[in-house]
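Inspection log for the structure reproduced underneath, given as structure tokens.
Bear in mind these aren't lab numbers, they're just calculated from the coordinates by the rules spelled out. Only a predicted model underlies this, so the values are computations on that prediction, with no experimental measurement involved. Glycine gets a Cβ as well: all are built from the backbone with ideal geometry, and neighbour counts include every protein chain shown.
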Amino acid sequence: MEPRRPANSVPNSAPSYALAVGTILGSMVLYACTANIVFAALLHASESFHAVPERFAAVTSVQFSGYLLACLIAGIASDRLGKKQVLCAGFLLSLLGVSGWGLSPSPKPLYAFSFVMGIGGGVLESVGSAMITDIHPERSKYYMNLTQIFYCGGAVGLPFSMAFLLPPAV
């Protein structure tokens, strides 16, 4: 007998299970990239905006404040609205935050976009983790570890690739 699953949070066929798990694991890599790109981009931002690097010191704190807020609220929202909808909102918020960072005309919006990026990442991690354990309740520990492995892959892989792909002065 198949384990009972919440009605609004899990796909209902094996291929869609695989797609959902792949999406969740990909979201862990995405969040790790957005969380770690801020550190790497701060010196470049200070040069682009002709400002001292200290002006951007709080950007990462703002980003992780958004992450904390999302972790506190996303679970409640996903219980009421459905995990899939909230996870999609997390993707959109991450996209908005990263795009805003890249297109920001001045330093002040970087703080707002960092906060949005943090909210998106918090949603991706908290709701993604809950969703993957709903899909695989019999192996929840394995899949929770797998999400952290994918997160670490993105956290290490992005700076590592940046070191090889970007010019030394960046």
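Some observations on this one:
- A simple spin-label model places pseudo-atoms 7 Å from Cα toward Cβ; at residue 142 and residue 111 they are separated by 4.7 nm.
- Taking other C-beta atoms within 10 angstrom as a stand-in for reagent exposure, 65, 129 fall in the order 65, 129, fewest first.
- Relative contact order, whole percent, for the chain stands at 36, derived from Cα pairs under 8 Å and 6 or more residues apart.
- Nearest-ten-degree value, helix 59-81 long axis tilted from longest Cα axis of the chain: 20 degrees
- All C-alpha to C-alpha distances of the chain, sorted into 5 Å bins beginning at zero, yield P(r) values of 2, 9, 16, 19, 18, 13, 9, 6, 4, 2, 1, 0, 0 percent in whole numbers.
- Computed from backbone phi with θ = phi - 60° and the Karplus coefficients 6.51, -1.76 and 1.60, the 3J(HN,Hα) list for region 143-155 is 6, 5, 4, 4, 4, 6, 5, 5, 4, 5, x, x, 5 Hz; x is used for glycine and proline.
- Rounded to the nearest 20 debye, the dipole magnitude of the chain is 260 debye, with +1 charges on Lys and Arg beta carbons, -1 on Asp and Glu beta carbons, and the Cα centre as origin.
- For region 12-53 versus region 104-158, the spacing of their alpha-carbon centroids is 8 Å.
- Normalised by the number of residues in region 74-170, the mean separation of alpha-carbon contacts (under 8 Å, six or more apart) gives a relative contact order of 25 percent.
- Order of 31, 151, 143 - criterion: other Cβ atoms within 10 Å of each residue's Cβ, fewest first: 143, 151, 31
- Each residue, residue 40 and residue 14, gets one label point 7 Å from its Cα in the Cβ direction; the gap between the two is 3.8 nm.
- Taken one residue at a time, the phi angles of region 156-164 give Karplus couplings (6.51, -1.76, 1.60, θ = phi - 60°) of 8, x, 5, x, 4, 5, 4, 4, 8 Hz. Gly and Pro are set to x.
- Taking Cβ atoms as reference points and 15 Å as the exclusive limit, the residues near residue 91 contribute a net charge of +1, counting Lys and Arg as +1 and Asp and Glu as -1.
- Taking 28 Å as the straight-line reach from the Cα of residue 141, the lysines in range (excluding those fewer than 8 positions away in the same chain) are 83, 84.
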